[in-house]
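Readers should treat all values here as calculations from the given coordinates under stated rules, not as data from a laboratory. It should be emphasised that the depicted structure is a prediction, and the values quoted were computed from it without experimental measurement. Please note: Cβ atoms are built from the backbone with ideal geometry, for glycine as well, and neighbour counts cover all protein chains shown.
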């Protein structure tokens with residue numbers, strides 16, 4: 001549910017960024033509270049009878065009955081690089097749409113056009129057979145879709161296109177796009193990211209860098225694999241691993257919150273504060289409970305949610321990279337310390353030439369005596 005809510009906002013942003021004149025969009029915010037995610041959205045002057053585009057009953061009835069709105073959706077679909085497709089479960093209600101079938105277009109009670117339900121705006125990636133209905137929540141990022149060489153179908157792999165003669169082609173195109181992302185884009189970015197970490201003098205923003213290239217965060221493990229294989233910068237792999245670990249920790253905390261809310265059903269803060277303390281102790285301690293937590297929760301989460309597959313060789317390279325980083329940090333600290341000592345010596349010498357007037361106006365430097373007293 002949280003993923004769907006996130007896609008709802010992303011889809012809305014995708015349409016908002018197009019700036020299509022004549023189509024109203026709702027204001028929307030996501031609120032995370034004790035593990036639950038709630039969508040807060042402005043009310044629009046629409047109802048069941050104002051629907052003019054898409055479906056509200058799972059594809060039994062599909063509409064595309066307003067020519068002017070159809071043109072606007074075609075314009076939006078082309079700019080999003082989405083392919084048109086035939087939607088509907090019944091032969092009598094088949095329609096050609098430029099969006100996911102359950103993206104709803106309305107002519108409001110005020111005569112204006114509105115768009116609602118954006119969770120499946122973007123096309124799905126190739127389904128993981130281990131997951132249930134992944135095409136509903138594992139989508140390509142808009143950055144990837146917009147830059148991809150051909151348009152993609154938002155309803156690929158879904159039951160909405162069972163009567164589309166091009167159903168197989170739509171699914172095949174998403175398969176090929178997924179292959180391109182996993183086998184071309186991510187390995188290429190692994191080299192770029194490693195070089196960025198090597199040359200960067202500031203913190204590298206992993207999420208922003210991946211999203212700019214159209215790479216979803218669920219591919220963290222695959223990116224880690226390629227970074228470790230090229231061995232250009234094992235420390236970059238360490239950063240990716242840290243990102244994955246803390247994302248698993250966040251997911252775990254949210255789940256524990258949800259489970260506790262269902263059981264406790266009280267508004268007090270103390271039980272949830274204790275829960276945070278418990279999970280942090282499990283994370284940072286080294287007792288048997290902590291070891292079990294890492295094995296069954298953190299490592300399992302890295303594999304299940306982010307496709308990590310960590311080898312002993314990877315651990316060895318990361319350990320060596322960390323030792324090198326520590327040596328660099330120690331050397332830098334020693335250099336800074338030597339520079340500070342040099343400045344102190346210069347300051348001590350310079351105070352001897354200052355006049356009493358200069359000292360009284362605050363231009364002197366304090367010199368500590370062996371006894372701890374100050375003078376200047």
| message | On C-alpha positions alone, give me the angle between the axis of helix 67-79 and the longest principal axis of the chain, in degrees, nearest 10. | response | 40
| Using a simple spin-label model with points 7 Å from Cα along the Cα→Cβ vector, what separation in nm is obtained for residue 294 and residue 112? | 5.6
| query | With a ≥ b ≥ c the root eigenvalues of the C-alpha gyration tensor of segment 2-165, is it rounded (a/c under 1.5), prolate (a/b larger than b/c) or oblate? | reply | rounded
| message | Placing one identical point scatterer on every Cα of segment 179-235 and ignoring solvent, what is log10 I(q)/I(0) from the Debye formula at q = 0.14, 0.16, 0.28 Å⁻¹? | response | -0.32, -0.43, -1.29
| Label-reachable residues, segment 129-164, where backbone N falls under 12 Å from a point 7 Å from residue 218's Cα toward its Cβ | 129-141
| request: Name all residues of segment 88-129 having a backbone nitrogen under 18 Å from the label point set 7 Å from the Cα of residue 78 along its Cα→Cβ direction, giving them as ranges. | output: 96-100
| field | Degrees between helix 312-350 axis and first principal axis of the chain (Cα, 0 to 90, nearest 10) | value | 40
| said: Using only DSSP helix segments of four residues or longer, with each worth -39500 (n - 2.57), what per-residue ellipticity at 222 nm results for the chain after dividing by its residue count and rounding to 500? | reply: -16000 deg cm²/dmol
| Hey, what did segment 2-165 get for relative contact order, percent, Cα under 8 Å, at least 6 apart? | 26
| request: Measure nothing fancy, just the Cα-based angle from helix 234-264's long axis to the longest principal axis of the chain, in degrees from 0 to 90, nearest 10. | output: 70
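Find how much the distance from residue 30 to residue 131 grows on full extension, using 0.36 nm per residue of separation minus their present alpha carbon separation; answer in nm with one decimal. Walk me through the numbers before you get to the answer.
On the way: separation 101, 0.36 × 101 = 36.36 nm, distance 2.51 nm.
33.9 nm is the gain from fully extending residue 30 to residue 131.
For residue 65 and residue 9 in one chain, what is 0.36 nm times their gap in residues minus the Cα-Cα distance, to one decimal in nm? Don't skip to the answer; put the middle values down first.
Details: separation 56, 0.36 × 56 = 20.16 nm, distance 2.65 nm.
Stretched out fully, the residue 65 to residue 9 stretch lengthens by 17.5 nm.
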| query | Full extension from residue 333 to residue 231: what is 0.36 nm times the residue separation minus their Cα-Cα distance, to one decimal in nm? | reply | 34.0 nm
| note | Long-range share for segment 182-310, i.e. C-alpha pairs more than 21 Å apart as a percent of all pairs, stands at 49
| query | Radius of gyration and Dmax for the chain's Cα atoms, expressed in Å? | reply | 28.5, 99
